[in-house]
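What follows is a set of notes on a single structure, which appears directly below.
The values are calculated or read from the model by the stated rules, or taken from the named source; none is laboratory data. Note that the structure is predicted; figures quoted are calculated from it, not measured. Here the Cβ is made from the backbone with ideal geometry for all residues, glycine too, and neighbour counts use every protein chain on show. The area values use the complete protein model at the heavy-atom level, side chains included, leaving out ligands, DNA and RNA. Shrake-Rupley method; radii C 1.70, N 1.55, O 1.52, S 1.80 Å.
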Amino acid sequence: MSTDKTVSIYGYGRFGKFWADLLAKTFRVKVYSRRGVHPHEVNHGVEICSKHDLFNCDALFYCVAISSLQDVLEDSSPYCHPDSVFFDTCSVKMLPSKWMQEILPKGSRIISTHPMFGPDSYQQTDRQLPMVMCDISAGFEQFECWADYFTTLSLQVVKMTPDEHD
């Protein structure tokens, strides 16, 4: 995985902050939250950006509650770049996968994920925590590249379909 990639995080709650900090060890990371993000909330290597600038990236992780995901996707779809890879991080997979396919621009590369851990459990273990990944429309090479990357973070990548997950 190239370390010159830019990864964006939409949603900067507890999990979004953890995810940004984790990915900032490898990538340039930009964050945006509808509630706003203050400079004192971000760690070194994480950049606060506008909603518009958030979408100028190689990969975008939606770290929002499933209850707001559909609205966030509809609001952000016009800004999406065709070369980006889009991820959700919801704990269910069928509905988020369906929404991303229907709402994001046609031809979008989508990987649905469920990191089955949180900030506390990640810090309190020797890793090998499970992370479910579903290749919705990313393609084999892109999907495998990200799966390999997450494995380097000592995560146990579990590949399955949204139906199998739910």
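Summary value for the chain: 18 percent relative contact order, contacts being C-alpha pairs under 8 angstrom separated by 6+ residues. Placing +1 on the Cβ of every Lys and Arg and -1 on the Cβ of every Asp and Glu, with nothing else charged, gives the chain a dipole about its Cα centre of roughly 340 debye. Accessible area per residue (1.4 Å probe, heavy atoms of protein chains only) ranks Glu47, Glu164, Glu144, Glu74 as Glu164, Glu74, Glu47, Glu144, with the largest value leading. Accessible surface computed residue by residue for the chain, with neighbouring protein chains in place and a 1.4 Å probe, gives 48 Å² per residue.
First check a/c for the stretch 1-146, with a ≥ b ≥ c the square roots of the eigenvalues of its C-alpha gyration tensor; if it is under 1.5, answer rounded, and if not, answer prolate when a/b is larger than b/c or oblate otherwise. It is rounded, given that a/c, with a ≥ b ≥ c, falls under 1.5.
Of all the accessible heavy-atom surface of the chain, with the other protein chains kept in place and a 1.4 Å probe, what percent is carbon and sulfur? Ligands and nucleic acids excluded, carbon and sulfur give 50 percent. Among DSSP bridges having both ends in the chain, what percentage is antiparallel? Round to the nearest 5. Within the chain, antiparallel bridges account for around 15 percent of the total.
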